[in-house]
Amino acid sequence: MIFVGDGALLRRAVAHAAAQGHPVDLVCSADPQDATVGGAPHLHLPAPADVNTHAEVLTRTCTDGIVWSLNNRRIFRAPLLSRGLRILNVHNGLLPRHRGLPSVAVLFALLNGEHEYGATLHEVDAGIDTGRVLAVRRFPVAPDARHFQVVLHGVRACQALFEETLPAVATGAHLPPPPAPAGPSAYHGLRALARLAAHRDHPAYARATDLGPFAAHAPELAAAIARTAPAAVHCPSLQGSYTL
C-alpha cells in the first residue's frame, strides 16, 4: 500500500501498518522522515504538489492496489483515478457536512453550534470529499470547546478510524454499513473565510477562532483571524506549534 499526506498522523499510520505486517510500498510526502518509520521508499511531494503527475510511479509501485490519504491537501485527479487503484481518504470531519479544509470546517461547526464532530473514511472520486463513505467515528463537541481542542480530537479520531478499518481494507472484507450521512452537504474552503468578519460579534467567535498550538498548521485561517481582530488586540493563543 501507498501513503500520501504529511505530518505525525501520516507517520503514525505508516508505522502502524508496517507493525501489523502490511506492505508499505511508498510514502509520498514533503518530509523524507515520514517514510523512515516504515522503512519504505519515499517520494518527495511537497504540498500542494500534483500527485497525479506521478500516476505511473504509484501504479507500478503499489503491490496491493491500495492508496491511503491522511492529513493530505493534494487533490487526486486524472490520470491517477483511472489506474485501478483503490484510493481511500481519512478525513477530519463528518461527511458530507464538513467537506473541505478541516481547520475551516471546525471553525464553522463551532459558529453553527454543532454538537458533534468526527472522522470519516471515504473512497476518493473526482470530487472533493464526495466519494462513498465507508466508516465514521463520531465524538461530542462540548459547549465550551475551542477550535484547537476539536481539531486535536479529530486527529485522534482519524488515527483510531484508520487503525480500526485497516484490517478490513487490507483483506478486502466488507466494513459494517456506515451510519446515515451527516448532512446537509457543505464545503468549507478558503473562500469561506471571506465571511469571517461578519461573525466577529458571534458569542462563540472567541472559541471558534482559538487555534492554540495549531495556528502554524492553518496559516490561511490564522491570517484571516488576524485581519478581523482589532489592531490593539494581542492574541497569544495564535502562537506556538504542534505537529499534526
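Direction-averaged projected area, Cα convex hull, the range 35-94: 4.7 nm², rounded to one decimal. In square nanometres, what is one fourth of the surface area of the convex hull spanned by the alpha carbons of the range 76-192? Computed as one quarter of the Cα hull surface, the answer is 7.5 nm². Report the residue, chosen from Leu110, Leu211, Leu134, that carries the largest GNM mean-square fluctuation when the chain is represented by alpha-carbon nodes joined by springs under 10 Å. Highest fluctuation among the options: Leu134. The length gained by stretching the chain between Glu163 and Ala197 to full extension, at 0.36 nm per residue less their Cα-Cα distance, is 8.3 nm.
Secondary-structure-derived ellipticity at 222 nm for the chain, considering helices only, amounts to -9000 deg cm²/dmol, per-run term -39500 (n - 2.57) for DSSP H runs with n ≥ 4. For the range 158-238, the solvent-accessible area works out to 56 Å² per residue, with a probe of 1.4 Å and every protein chain left in place.
From the alpha carbon centroid of the range 175-192 to that of the range 71-118 is 8 Å. Label sites at Ile128 and Asn52, each approximated as a point 7 angstrom past Cα along Cα to Cβ, lie 1.4 nm apart. Apply the a/c threshold of 1.5 to the C-alpha gyration tensor of the chain and tell me whether it is rounded, prolate or oblate. Prolate.
The calculated FRET efficiency for the pair Arg73 and His174, based on their C-beta separation and a Förster distance of 30 Å, comes to about 0.50.
For the range 87-244, the relative contact order works out to 27 percent when only alpha carbon pairs closer than 8 Å and six or more residues apart are counted.
For the range 90-224, the dipole from Cβ point charges (+1 on Lys and Arg, -1 on Asp and Glu) about the Cα centre works out to 200 debye, to the nearest 20.
Note on His16 and Arg156: the extension gain reaches 49.0 nm, defined as 0.36 nm multiplied by sequence separation minus the Cα-Cα distance. Do any trypsin sites (Lys or Arg not before Pro) in the range 121-193 lie in a loop, going by DSSP, with at most 12 other beta-carbon atoms within 10 Å of their beta carbon, and if so which? Qualifying residues, ordered by number: Arg132.
With the simple spin-label model, which puts each label point 7 Å out from Cα in the Cβ direction, the Ala30 to Ala142 separation comes to 3.1 nm. Note on the chain: with neighbouring protein chains present and a 1.4 Å probe, carbon and sulfur make up 56 percent of its accessible heavy-atom surface. Only Lys, Arg, Asp and Glu count, each charged at its Cβ (+1, +1, -1, -1), so figure out the dipole size of the range 1-109 about its Cα centre, rounded to 20 debye. Charge dipole, the range 1-109, about its Cα centre: 360 debye, nearest 20. Ranking Val67, Gly21, Leu221 by Cα position along the charge dipole of the chain, where only Lys, Arg, Asp and Glu carry charges on their C-beta atoms, puts Leu221 farthest toward the positive end. Under the membrane-span-like helix rule (DSSP H runs whose alpha carbons stretch at least 30 Å along the helix axis, mean Kyte-Doolittle hydropathy 0.0 or higher), the chain yields 147-171. Here the range 133-209 yields Rg over Rh of 1.07, to two decimals, using C-alpha coordinates and the Kirkwood radius.
The values are calculated or read from the model by the stated rules, or taken from the named source; none is laboratory data. Note that the structure is predicted; figures quoted are calculated from it, not measured. In this analysis, Cβ positions are derived from the backbone assuming ideal geometry, glycine residues included, and neighbour counts consider all displayed protein chains. In case anyone asks, the SASA skips ligands and DNA or RNA and just uses the protein heavy atoms, side chains included. Shrake-Rupley method; radii C 1.70, N 1.55, O 1.52, S 1.80 Å.
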